[in-house]
Every structure is written in structure tokens, then in C-alpha cells.
Amino acid sequence: MERPALVHRPERASVLSLRHYDDLGLLAPAWVDPAAARGQHVSYTDGRCVQVLHRGPYSDEPASLARMDSLMEAEGLVPNGLHHEVHLSDPREEDPATKRAILRQPVR
């Protein structure tokens, strides 16, 4: 089980782009959830955050988030924005044990 870490990423701007397939004149692939196909383009800077590499099924993420909350409490930190995830595994992968994602919570 990975330990959460406090990191500072001021220089790194991340971009999440779940673009509107209709706006691009494309048909969404069959595996794309229709809600995701209507996503938005969002830019943000990570800044100071707590993060952990989550391994395993998405249903186990609450335990990883709880460990992050424990670290934040121990360090006297509070959330500073919405938590986000960087999925490292192919969403079509069928074995949940092979899923990997970085869970990241901005803090102050």
C-alpha cells in the first residue's frame, strides 16, 4: 500500500481535456461514456498538494483518500480545491487489480 506524500508542483500546469466530440465533428468511440464525451477543457496548476499512487479497483479509492486525509490532518493542512485523479491505466483494462491512478488533493 502506497504512502501519501506532500508535494509542491507550482511550475506544472496540468490540462484535462474531455472535449465535446460533437464540437470536433467526430463520433465518440464506443467505449467512451456519453457523459465523458460532453466533458470540458480545464486548465489548472497543481501547487501544493497531497498525493498517493492508488493501485487496484476504483472501488478501493476511498481507503486511499482516507489515508490522504490522515496525512493532511497530521500536517495541519486543509483542502484547497477539488481532488483530482491522473489515471495511468487503460480504462478498458478488465482486471481491476492492474488499475493505477495518482490521487491528488490541493492543500494549504
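The values are calculated or read from the model by the stated rules, or taken from the named source; none is laboratory data. Everything numeric in this text was worked out from a predicted model, so none of it was measured. Backbone-built Cβ (ideal geometry, glycine too); neighbour counts: all protein chains shown.
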- Message: Scan segment 43-57 and tell me whether some residue there is of a type in the set (Val, Ile, Thr), modelled with pLDDT of 85 or more and surrounded by fewer than 14 Cβ atoms within 10 Å (Cβ to Cβ).
- Response: no
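Give segment 60-108 a look and list any residue that's assigned to a strand (DSSP E or B) and within 16 Å of Cys49 (Cβ to Cβ), or say none. Explain how you work it out, then say what you get.
So the first thing to find is which residues in segment 60-108 are assigned to a strand (DSSP E or B), and the list is 79, 84-87, 100-107.
Within segment 60-108, Pro79, His84, Glu85, Val86, Ala101, Ile102, Leu103, Arg104, Gln105, Pro106, Val107 meet the criteria.
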- Given the residues Leu82, Leu27, Leu77, which is the only one that is among the aliphatic types (A, V, I, L, M) and at pLDDT 85 or above? Leu77
- Message: Filter segment 61-86 down to the residues that are more than 18 Å from Thr45 (Cβ to Cβ) and surrounded by 13 or more Cβ atoms within 10 Å (Cβ to Cβ) and list them by number.
- Response: Glu61, Ser64, Leu65, Arg67, Met68, Asp69, Leu71, Met72
